[in-house]
Amino acid sequence: MGNINNKSLNQDDDNVSPPIDTPFKFPSPLPAWPSGQGFASGFIDLGGLEVSQISSFTKVWASHEGGPDDLGATFFEPSNLPNGFFMLGSYSQRNNLPLFGFLLVGKDLSGDALKAPIDYTLVWTSENLNIKQDGVGYIWLPIPPEGYKSVGHVVTTSPQKPSLDKIRCVRADLTDVSESDDWIWRHDEFNVYSTRPKDRGIKNFGVFTGAFVALNYGAAANSLACLKNVKENSSAMPNLSQVQALFQAYSPLFYFHPNEEYYPSSVNWYFQNGVLLYTKGQESAPVAVQPDGANLPQGGSNDGAYWLDLPTDNSAKDRIKNGDIQSATSYLHIKPVFGATHTDIALWLFYPFNGPARAKIEFINIKLGKIGQHVGDWEHVTLRISNFNGELQGVYFSQHSGGDWMSAPQLEFENGNKPVAYSSYHGHASYAKSGQNLQGSGNIGIRNDTAKGLVMDTGANYAVVAADYLKIVEPAWLNYAREWGPKISYDIANELNKIERLLPGKLKRAIEKLVKSLPSEVLGEEGPTGPKFKDMWNGDERG
């Protein structure tokens, strides 16, 4: 959470966008986390370089136009640094959200981890620009000594170069390659982006610094590095009791659409109700899956040798399709990200059945017959938490073959600091807000309607099923690599013909093009694999 100390600026109060001057606050104070290890201690040793997370800022310069919603962006430097710590870069945020972010500052534990720059290069200035702004802004790139790299910019309101003691550069082996990420602001050919490590995932140790990168006049490359945890350890990761406390504090409230028919269940309930394991070449002799999944094939790959399906009895099949909200369980995967400076809690829900899809073509809503139906549906959201203080940074909402990160100020909260998630009607994609959530372009796409119907408190019934650093014993079903449902059992072309009979020529072509563009996960052509065999299990949630 950001706090601002305002420098004395020549600014017009009418031009200041209120959100950026109003630091975001969670609905409830953060609890005191259980003690143990280095989690929430405020400091992390990356290997001779100790870093701390700073969320108190001094405003340096702001533009009040351009960027998202044409509200501009504001540029800050960190304030209230702990003794012995140095600024490594500046922070920038778009003005259409309350202030919420952080910068990492560094302390040299090895004697040569940090050095002052040898000079600065002026990257950009707002001088002579006819824009709404606070004075004039100057963005500088520190020139590092040989063997060191810059990880952030310096922003001033003076044309004079900053003091060389203003910022520190970082020894090259303590850095990693970074890349531009979210767009913050633009004026003509000058762009400002947030940065992130280029390589991300459980096995990568690049550290997110909170700094921005300024790219001027078509510059193709990010001139800044990020930090790296060269110790490659998990000392700042939460222990099991801390994980449980974190999830109790931030466990999402899932709202299902008022017309939803297909709810989640526990995996055990699903197996107990007669789900069958099929073997290729022995389709006539399926076997019942044991309640704990102990007889599921382990390891291997999704080679088509095995798959799961509902019982052959129609009444049992219909009962299972509806799920069992009373048994529904949140299955948690706890993983380090950004060099173990953050923790991702990936929350997986299992739905026995995914319902048929609906489309919107201009002003017409169309039911897509059986298209979209499939057995066995795994969906998830991910909570990203700072290991410096246990604060929720944001939530990833998985949506079929993609998804969206939402920062804390963009979330809806209930019951304290519990974020609200919406499960789409029949498709079970996750969204941060209610509405139509059209998946497509223009007025043509798949409808992912969300609204407040039945609610599930995901913290009421959960299980930590995977966390490599905690030595969690994984359930047998988690290591089942094959499909949780059969391949598609209906003819998509036939379903399209049924729909197209009722449509004029232009709309026929539009609906055919839409269906052909859908990923197999939405079409239901293939049964889905389990959580552990999806790309985001070991990687980041976004490409």
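Quick rundown of the values:
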{"quantity": "Solvent-accessible surface (1.4 angstrom probe) belonging to residue 50, in square angstrom, nearest 10", "calculated": "40 Å²"}
{"quantity": "Charge dipole (debye, nearest 20) of the chain; +1 at Cβ of Lys and Arg, -1 at Cβ of Asp and Glu", "calculated": "540 debye"}
{"quantity": "Within-12-Å neighbourhood charge of residue 346 [Cβ basis; K, R +1; D, E -1]", "calculated": "0"}
{"quantity": "Alpha-carbon centroid distance for the pair segment 421-469 / segment 110-147, whole angstrom", "calculated": "43 Å"}
{"quantity": "The chain, relative contact order in percent, only Cα pairs under 8 angstrom and at least six apart counted", "calculated": "14 percent"}
{"quantity": "Heavy-atom accessible area order for 126, 434, largest first, 1.4 Å probe", "calculated": "434, 126"}
{"quantity": "18 Å Cα-Cα reach of residue 161 towards aspartates and glutamates, excluding residues that sit fewer than 8 places from it in its own chain", "calculated": "77, 119, 127"}
{"quantity": "Residue 535 versus residue 509: modelled label distance in nm, points set 7 Å from Cα along the beta carbon direction", "calculated": "3.2 nm"}
{"quantity": "Heavy-atom accessible area order for 87, 406, largest first, 1.4 Å probe", "calculated": "406, 87"}
{"quantity": "Solvent exposure ordering (accessible area, 1.4 Å, most first) of 168, 319", "calculated": "319, 168"}
{"quantity": "Electrostatic dipole magnitude of segment 47-228 [Cβ: Lys, Arg +1; Asp, Glu -1; Cα centre; debye, to 20]", "calculated": "360 debye"}
{"quantity": "DSSP beta bridge pairing in the chain, given as percent antiparallel to the nearest 5", "calculated": "90 percent"}
{"quantity": "R0 of 45 Å, Cβ-Cβ distance residue 216-residue 83: FRET efficiency to nearest 0.05", "calculated": "0.80"}
{"quantity": "Calculated from backbone phi, Karplus (6.51, -1.76, 1.60) coupling profile of segment 155-167 in Hz, x at Gly/Pro", "calculated": "10, 9, 10, 10, x, 6, 4, x, 4, 5, 8, 5, 9"}
{"quantity": "Convex hull of segment 47-228 built on C-alpha atoms - directionally averaged projected area, nm²", "calculated": "10.2 nm²"}
{"quantity": "Per-residue [θ]222 nm for the chain (sum of -39500 (n - 2.57) over DSSP H runs n ≥ 4, rounded to 500)", "calculated": "-2500 deg cm²/dmol"}
{"quantity": "Burial ranking of peptide ranges 309-318, 112-121 (average Cβ count within 10 Å, highest at the top)", "calculated": "112-121, 309-318"}
{"quantity": "Residues in segment 306-332 reached by a label modelled at residue 240 [backbone nitrogen below 15 Å; 7 Å Cα→Cβ]", "calculated": "332"}
{"quantity": "Segment 13-93 - charge dipole about Cα centre, Lys and Arg +1 at Cβ, Asp and Glu -1, debye rounded to 20", "calculated": "380 debye"}
{"quantity": "Cut-off under 5 Å, modelled amide H: who pairs with residue 414 long-range", "calculated": "420"}
{"quantity": "Accessible-area value, residue 45, 1.4 Å probe, nucleic acids and ligands omitted, Å²", "calculated": "50 Å²"}
{"quantity": "Charge-dipole axis of the chain as Lys and Arg at +1 and Asp and Glu at -1 on Cβ define it, positive-most pick from 357, 398, 79", "calculated": "357"}
{"quantity": "Extreme residue, positive dipole direction of the chain, given options 454, 278, 325 (C-beta unit charges)", "calculated": "278"}
{"quantity": "Of 107/231; 25/107; 149/228; 231/534, pairs whose Cα-Cα distance is over 23 Å", "calculated": "25/107; 231/534"}
{"quantity": "Cβ-based charge dipole, the chain, positive-most Cα from 300, 48, 388", "calculated": "300"}
{"quantity": "Segment 149-169 and segment 399-416: distance between their alpha carbon centers, rounded to Å", "calculated": "35 Å"}
{"quantity": "Derived scalar couplings ³J(HN,Hα) [segment 330-345; Karplus, 6.51 cos²θ - 1.76 cosθ + 1.60; whole Hz; x for Gly, Pro]", "calculated": "8, 9, 9, 10, 9, 9, x, 9, 6, x, 6, 8, 9, 10, 9, 9"}
{"quantity": "Translational diffusion of the chain, µm² s⁻¹ [Kirkwood Rh, Cα pairs; Stokes-Einstein; 25 °C; 0.890 mPa s]", "calculated": "97 µm²/s"}
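The values are calculated or read from the model by the stated rules, or taken from the named source; none is laboratory data. Worth saying up front: this structure is predicted, and the values here are computed from it rather than measured. Counting neighbours? That spans all protein chains shown, and the Cβs are built from the backbone with ideal geometry, glycine included. Ligands, DNA and RNA are excluded from the accessible area calculation, which covers all protein heavy atoms including side chains. Shrake-Rupley method; radii C 1.70, N 1.55, O 1.52, S 1.80 Å.
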